[in-house]
Amino acid sequence: INWTSPARKPYPPSLNKEHQRRRLPAEENQHQMAMAYATSSSVMFASSPSSLNNNNNNRSPVLFGFSTMAASASSPKNIVGARTNRNFQIRCEDQKVQQRAFAPVEQRWMFTDSDFTGPDVWNKTWYPKAEDHVNTAKTWYVVDATDKILGRLASTIAIHIRGKNLPTYTPSVDMGAFVIVVNAEKVAVSGKKRSQKLYRRHSGRPGGMTVETFDQLQQRIPERIIEHAVRGMLPKGRVSSHFLNKLGRDLFTHLKVYVGPDHPHQAQMPMDLPIRDKRIQRQT
Amino acid sequence: MNKKEVFKLAKGFRGRAKNCIRIARERVEKALQYSYRDRRNKKRDMRSLWIERINAGTRVNYGNFMHGLLKENIQLNRKVLSELSMHEPYSFKALVDVSRTAFPGNRPVPPTPKKQGLSILV
């Protein structure tokens, strides 16, 4: 998040429509109050949050800030809107009317219905719509694999492809980014793995097991090393099995591995992959 | 239940399970059992989804963040926190700062420069 440019809208595309973000007057006030509390708390962290919350705990949850002394002290005649004719009342509405009747004037808005009839985006957990995960609008990242430890690099790549670094992460939807890996033949492993790590595959027929070491595979097909590592860290799913969805298969296609320093995706303007692992670079 | 109710519940099932009563009855019974179980599982899954979203939104990890909020007696629940982290990033950043000051272990330690050792002489 670019904290220095607040002009950018933080909402996902499906919530950027103005009619959906038109707030109830109730929530608008509460939102402003919440913002005020949040910003003030960062300044005066010692006293304000705990005192505010202690005050809230003592009062009744229904009528915010309303003291019960005032209700008993005032007579029914002075309260505006109190119904005196109780012959034709419906029981369930009775409580609501009483609350509305006994509330102070400035809190009436809490107990009246508003005219907003759209979807409830404030109380339901957000789920991404189709426009929130269009492939053309996703970010592209570039990593140089020179002298980076294989497993740590694959782990960060897999996190970014899956989308787990985003707060809008949804397990059933592909919210991740595309990742390009260049210089794939220069990836490093520690210890004696270069001659001892084995890559196995089986053709399905008896005696069809093929075993290769790391450096043999690196000479033959260098991209496969990184692809194998990242594929093991992404969800598995093939189109033939209907128990595993094909999300895993599609995620793997978002990884692009190239031998050598250049890649054909200049048009996507990829940015550098942010790496937070301190031990990813091989210590030489 | 009689057949009409069974077929009503079997709408959208695969193959003969939506047409033939013997198969449909089994599948519908299983579907009702799953829905009973999943009404309870849904609450767990939602909470874990909120926790994953909060964890992605903070740069400190989730455990330290929640511990900091607990110390400051901020009783926002995980659903609200996850919605804040997605749609109100500035408010959420304020919360992360509150948590960081409350729990000093949260402050990310800047990477200490490594000692050069003898290789500097070579």
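Taking the criterion of being in a loop (DSSP other than H, G, I, E, B), out of contact with any His (no Cβ under 8 Å at 6 or more places or on another chain) and over 27 Å from A:PRO264 (Cβ atoms), the residues of segment A:147-197 that qualify are A:LYS164, A:PRO167, A:THR168, A:TYR169, A:THR170, A:PRO171, A:SER172, A:VAL189, A:SER190, A:GLY191, A:LYS192, A:LYS197.
Sub-7 Å Cβ pairs linking a first residue in segment B:56-84 that is without any contact (Cβ under 8 Å) to a residue 24 or more places away in the chain to a second residue that is in a loop (DSSP other than H, G, I, E, B), at least 6 apart or interchain, are B:GLU83/A:TRP126, ordered by first then second residue. Of all residues in segment B:103-122, none satisfies being among the small types (Gly, Ala, Ser), under 23 Å from B:ILE54 (Cα atoms), outside any loop (DSSP other than H, G, I, E, B) and modelled with pLDDT of 70 or more. Scanning segment A:122-138 for residues that are away from chain B (no Cβ under 14 Å), closer than 21 Å to B:SER85 by Cβ and over 15 Å from the mean Cα position of the chain (by Cα) gives A:GLU131, A:ALA137.
Could you tell me whether A:PHE252 is surrounded by 15 or more Cβ atoms within 10 Å (Cβ to Cβ), at pLDDT below 95, closer than 17 Å to A:ARG194 by Cα and not β-branched (Val, Ile, Thr)? The answer is no for A:PHE252. Return yes or no: is A:TYR141 under 19 Å from the mean Cα position of the chain (by Cα), part of a strand (DSSP E or B) and away from chain B (no Cβ under 14 Å)? Against the criterion (under 19 Å from the mean Cα position of the chain (by Cα), part of a strand (DSSP E or B) and away from chain B (no Cβ under 14 Å)), A:TYR141 qualifies. So which residues in segment B:69-89 are more than 17 Å from A:TRP122 (Cα to Cα) and either at pLDDT below 90 or within 10 Å of chain A (Cβ to nearest Cβ) (or both), if there are any at all? B:LEU69, B:LYS71, B:GLU72, B:ASN73, B:ILE74, B:GLN75, listed by residue number. Filtering segment B:52-63 to residues that are surrounded by fewer than 16 Cβ atoms within 10 Å (Cβ to Cβ) and either more than 10 Å from chain A (Cβ to nearest Cβ) or part of a helix (DSSP H, G or I) (or both) leaves B:ASN61, B:GLY63. Looking at A:SER203, A:SER190, A:SER195, just one residue is surrounded by fewer than 14 Cβ atoms within 10 Å (Cβ to Cβ), touching a residue at least 40 places away in the same chain (Cβ under 8 Å) and more than 31 Å from the chain's Cα centre (by Cα), and that residue is A:SER190. The single condition among (1) within 21 Å of A:LYS129 (Cβ to Cβ); (2) within 14 Å of chain B (Cβ to nearest Cβ) that A:HIS160 does not satisfy is (1). Taking the stated definitions as given, is A:PRO264 exposed (fewer than 11 other Cβ atoms within 10 Å of the Cβ) and either under 30 Å from B:ILE54 (Cα atoms) or more than 14 Å from every other protein chain (Cβ to nearest Cβ) (or both)? Yes: the conditions hold for A:PRO264.
The values are calculated or read from the model by the stated rules, or taken from the named source; none is laboratory data. Worth saying up front: this structure is predicted, and the values here are computed from it rather than measured. Counting neighbours? That spans all protein chains shown, and the Cβs are built from the backbone with ideal geometry, glycine included.
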